[in-house]
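Okay, so here's the structure we're looking at.
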Amino acid sequence: MKIRLKKLIFISLALLLLIPSGVLGKKKASITSNSEPIEFRNASVHDPSIIKDPKTGTYYVYGSHIDGAKSTDLINWDRFTNGYTTPNNKVYGDLSANLAESFKWAGENDSDSRGGFAVWAPDVFWNKHYVNEDGTKGAYMIYYSVSSTYIRSAIGIAVSKNIEGPFKYVDTIMYSGFTNKEVYDRNSVVNKHWENTNIAELIEDGVIDEVNPDWFTANGDYNNKLYTNAIDANILQSKNNKLYMTYGSWSGGTYILELDKKTGLPKYPGKDGKTEDGRMIDRYFGTKIASGYGRSAEGTYAVYDKDTGYYYLYITYGGLASDGGYQMRQFRSENPDGPYVDAEGNPAVFPETFDRGVGNFPGNDDHKDIGNKMIGNFLFKRDLGEAGTGIGTGYLSPGHNSYLIDEELGKEFIVTHTRFPQQGEMHEVRVHQTFKNRDQWPVPTPYRYAGETIKQVSEGDVTGDYKYINHGKEITGSLTESTWVKLNSDHTISGAISGTWKLYGNYRAELTIDGEGTYDGVFIRQYDPTSEQWVMTFSAMSDEGIVIWGSHVDASSDEELVQAIKQELGTSFQSTVISDVTLPTTATRGAQITWESSNTDVVSVEGTVTRPSSDSEDAVVDLTATITLGEATQSLTVSVTVLKKEPGGLSALYDFNDGLKDTSEKKADATVTGDRLNNTGGHITFEEGKVGQAAKFDGNSGLRLANGLITGDTYSVSLWVKPDQITDFTTTFFGTETANNWISVVPKTPFGNTMVWSHNGDQWYDAKTNTVIPAGQWSNLTFTVNEGHAVFYINGEAKYTGDNFPNVFTSIDAEFGLGVNYWDIPFKGLMDEVRVYDELALPADQVQSLYQNPGQTAE
């Protein structure tokens, strides 16, 4: 079940805008030198499935939303797709026409995909046996998913002689979410009766005798307790060169079907049965190999390793959003259709004790101990005073991985998408090299692949201090931050854990941790993107399927560390502030920092800021830090100016009667942008508005307003809008402190109608209403915030009231726009009488007055 996926689709369009400039580039350093940083070129592909083109050796990843990227080195990626563009879609040509048969069931302008498409999680496979229409053999086959609800989905096949497409539709081979009666989902005209799937044809052809009554509940609905959501196909080539398709998401679990090599079509079992170990074989869906009973488990990927003789199965638990705890799990079997087990011998198929009836249960984590946990949420935390910048290197919700055994390189890789701490829903592809432990379980290395090759190391290379991560077994949105451990020269381990360690076999690592057991893996030098240095790392897995990582940090004296902390502190403060400041009390290696303030009434020693009143003066405050580590101590004093409060009132008025001028003459005029807030181009015209003249937006342009319109947690925004069209997530008024901290007044979302939507760090806020404003008519939208208390009005009537609205605007230079943000389809229509108030939350009677008398002069 792609929980919250529709809500997150818009983010993918923004990724290149959100990637820090230091991440993008073309330089590649020698892996034997620390003299030059590596600049990775990144791509955003959700649910990446990797294939190495046998013709060219180029690596490709295909993913959801018809995104894809290619690389020659697994380090630098370039997008080659154009998303849902149609009819000139690079992957599918005329998308609507080509996949029309699949779309009859799900995925185009239907239910959860209303107003767009939902084409997800494909797998591309080179099938040398496939017989093309012209009689030639060999084709790239793409197995794609279309979906309209958490259970009504389908898997289809398309083929091409070119790995980049376009792919031509062949067939729709698997359906889910069907019923035994005529019934329709919300916002759908699709009759879900099973006769509208391929099952009717399979019965007519004698492949299946009749429907399985267990497919349905007592009232004729789809029984997703036992049967799956048909998405996330993966093609597996077995040791005897047979082809199989694994698939399934949440619901009834993961299934496998053998495929005909010449056609790529499933060999449906035709009859029900059970495997020797008691797993279900269904006449249509195939053999169950993992999960079930509505627990989180999706993104299946299976691969055969001829060196070990095992089939390895990867599945992702948790929810895919940044706070969902997405994480990769691992099983293996000696047979393609199972049984698959983890390192402890736990079966991949969930037990009947998990049965809670029909439905999905995202809050349930009783399967957390099943499956080797490969990578979860983590952060190699960069502490104050350490090399590099930022918070460190880490992931949130890495998952839906694929796996590549590259025989030419002699290396293996796990390929995943991931989100990142403090970066919201922005996601990118990451590739990690893996190495098998002594029990032949592949274990991922700590850092993304940068061209490294494992080599012999000495004990002197591996002793010392490490940042340490234990991925555990929890299914959680919490972030696991690194702690400190030390591999001592006497082979003991000290710090956050205790135990012993051993280097054997040139580069193999064995760590025995008190109270936990033994972990086995490797030492390998990898590129640390935070310090921009090649560092020693270790990665290992226990007999319980728990993965641990370590990243070496060079030793420094206490005096050197205190000096580094002082130097960084001296450059970390803004000269002027209007909100609370962060006064760190700890730094690298446990250093302690204490603070003194020259004026605790304005800035407390905890960093709480109290701005002087509007009839006072700005306050200059000296903050003195004392840094201590062992016997080393230094002090540092920094001065900050705390700006006085401004009298609450109108910050700017854009009524468009004199072009783009701020009629209040308090702020700068608006300027025209292209289809994003931060680009150029575009064209704004004017025509008759609600009062006088209005700005006309053509659907490809926007306006950038003056910076600093709002400078705190109390404000109001009021505007009149007349949309020509209503499109999901399109903004009217947009304010942003950073690309991860913003508010957006939105005419429509699939989940909240007309609403105010906000994201602040890792926090979402949805000020939803029960209505969608109409196209072709004027509507007044007013939003007020008073120290976290939010009210959203439509045409003078309060449609939403709530507390704890995030404090987004914490500086004096936040950016604002009309009709555009960083991601979504721009606004098309008219806007008029745009008013922004700072330090003032309009009362209800004044909001009503603005609605009744839109042309009034209001201060």
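Some values worked out for this structure:
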item: Whole-number D in µm² s⁻¹ for the stretch 649-852, Kirkwood Cα-pair radius fed into Stokes-Einstein, 20 °C, 1.002 mPa s; result: 131 µm²/s
item: Whole-Hz couplings from phi, Karplus 6.51/-1.76/1.60, listed for the stretch 399-416; x for Gly and Pro; result: x, 6, 8, 10, 9, 10, 9, 9, 5, 5, 7, x, 9, 10, 9, 9, 10, 9
item: Per-pair calculated FRET efficiency, R0 = 22 Å: residue 644 and residue 787 via Cβ, rounded to 0.05; result: 0.80
item: Sites residue 240 and residue 210 - FRET efficiency at Förster radius 25 Å, r taken between beta-carbons, to 0.05; result: 0.20
item: Antiparallel DSSP beta bridges within the chain, percent to nearest 5; result: 95 percent
item: In nm, spacing of pseudo-spin labels at residue 55 and residue 369 (7 Å Cα→C-beta vector); result: 5.1 nm
item: DSSP-loop GluC sites (Glu not before Pro) across the stretch 654-710, with at most 14 other Cβ within 10 angstrom; result: 665
item: Stretchable slack from residue 181 to residue 129, in nm (0.36 nm times residue separation minus alpha-carbon distance); result: 14.7 nm
item: Inter-site label distance for residue 672 and residue 306 at 7 Å from Cα along Cβ, in nm; result: 6.2 nm
item: Cβ-based net charge around residue 317, under 13 Å, with every Lys or Arg adding one and every Asp or Glu removing one; result: -1
item: Low-density loop positions, trypsin sites (Lys or Arg not before Pro), the stretch 377-452 - DSSP coil, at most 16 other Cβ in 10 Å; result: 438
item: Leading residue at positive end of dipole, the stretch 82-290 (Cβ point charges), from 275, 140, 249; result: 140
item: Estimated dipole of the stretch 80-163 in Debye, rounded to 20 [Cβ of Lys and Arg +1, of Asp and Glu -1, Cα centre]; result: 180 debye
item: Listed pairs 768/828; 667/748; 306/411; 90/261; 288/373 exceeding 18 Å between Cα atoms; result: 768/828; 667/748; 90/261; 288/373
item: Karplus 3J(HN,Hα) series, Hz, for the stretch 362-373 with 6.51 cos²θ - 1.76 cosθ + 1.60 (x for Gly, Pro); result: x, x, 9, 10, 6, 9, 4, 8, 9, x, 5, 8
item: Residue 575/residue 686 FRET efficiency (R0 41 Å; Cβ-Cβ; nearest 0.05); result: 0.55
item: Summed side-chain charge close to residue 168 - residues other than residue 168 whose Cβ falls under 15 Å, Lys, Arg +1, Asp, Glu -1; result: -4
item: Relative contact order (%) - the stretch 82-290, alpha-carbon pairs under 8 angstrom, separation at least six; result: 16 percent
item: Length added when fully stretched, residue 492-residue 563, from 0.36 nm per residue minus Cα-Cα; result: 22.5 nm
item: Loop-resident sites, the stretch 169-211, for GluC sites (Glu not before Pro), counting at most 15 other Cβ within 10 Å (DSSP); result: 182, 210
item: Spin-label zone in the stretch 456-492 - amide nitrogen under 13 Å from a point set 7 Å from the Cα of residue 500 along the C-beta vector; result: 490-492
item: Three-way shape label, the stretch 645-728, alpha-carbon gyration tensor, a/c 1.5; result: prolate
item: Average Cα contact separation per residue, the chain, under 8 Å, 6 or more apart, as relative contact order %; result: 8 percent
item: Of (i) 15, 44, 30, 9, 2, 0, 0; (ii) 14, 41, 27, 14, 4, 0; (iii) 14, 42, 35, 9, 0, the label for P(r) over Cα pairs in 20 Å bins from 0, in percent derived from the coordinates; result: (iii)
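Every number in this text was worked out from the coordinates using simple rules, so none of it is lab data. No experiment lies behind these values; they were computed from the predicted model shown. Cβ: placed from backbone, ideal geometry, glycine included. Neighbour counts: every protein chain shown.
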